[in-house]
Amino acid sequence: MQQSRQVNVYLTQSDIQKVQKYLADRHFLFVEDEILESPTPAYVDYLLAYPQTADYFCFPEVKLDYLQFVSEGIQKYRIKGIRTEVVNFDMLGRYDELFRVRFYYCPYYFENHEKKYKNPAFGLHVERFFRWLRSQFKRVPNMPTFYYNPAFPPKEWF
């Protein structure tokens, strides 16, 4: 896997539970992207509980990389999602009972103008997840990275 990957999908609450079960059964952990006072991840037991989201998911053994900064005289930390072996999860909107979400993964990052690759084994797990996700939903015509549950088509397209 050489390029970044993303899947955008409209999910019902039951679809979200199905995706969450798939990930949990494969030992992924859900991590909130919070500004913290210590470099300890804030794990949650859900993928999405509107309006809050788990902003990343990863494996337990992943060492998360943190951006360190001082705010109001206090040392703070925030996960560097682009440098760590995580999948970004973004909740981009809600339309009636459908949640528009995006799953994004990039297998590399740049450091000092040099391309550095993340663990390819993690990338294989991500690719399997994306393949499974695409198999569960129908592709939106003329939008190659967008999918939906055919029983609940987004009104804005159909």
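The values are calculated or read from the model by the stated rules, or taken from the named source; none is laboratory data. A quick note: this is a predicted structure, and the numbers were derived from the prediction, not measured. Heads up, the Cβs are rebuilt from the backbone with ideal geometry, glycines too, and the neighbour counts pull from every protein chain shown.
The combined condition, being modelled with pLDDT under 90, in contact with a helix residue (DSSP H, G or I) (Cβ under 8 Å, 6 or more places away or on another chain) and within 24 Å of PRO153 (Cβ to Cβ), is fulfilled by PHE99.
Within the range 47-65, can one find any residue that is touching a His at 6+ places or on another chain (Cβ under 8 Å) and surrounded by fewer than 15 Cβ atoms within 10 Å (Cβ to Cβ)? Steps first, answer last, please.
Of the residues in the range 47-65, the ones touching a His at 6+ places or on another chain (Cβ under 8 Å) are 59-60.
Adding the requirement that they be surrounded by fewer than 15 Cβ atoms within 10 Å (Cβ to Cβ) leaves 60.
Yes, there is a match, as at least one residue in the range 47-65 is touching a His at 6+ places or on another chain (Cβ under 8 Å) and surrounded by fewer than 15 Cβ atoms within 10 Å (Cβ to Cβ).
Pairs are defined by a Cβ separation below 8 Å, a sequence spacing of at least 6 or placement on different chains, a first member in the range 99-126 that is at negative phi, and a second member that is buried (at least 18 other Cβ atoms within 10 Å of the Cβ) and of a type in the set (Gly, Ala, Ser); the pairs so defined are TYR105/GLY123; PRO107/GLY123. Which ones in the range 55-100 are under 11 Å from the mean Cα position of the chain (by Cα) and β-branched (Val, Ile, Thr)? Correct list: VAL86, VAL87. Taken together, the criteria place LEU92 among residues that are touching a residue at least 60 places away in the same chain (Cβ under 8 Å) and surrounded by fewer than 13 Cβ atoms within 10 Å (Cβ to Cβ).
Listed conditions (1) over 18 Å from THR84 (Cα atoms); (2) modelled with pLDDT under 90; (3) of a type in the set (D, E, K, R) are all met by LYS18, apart from (2).
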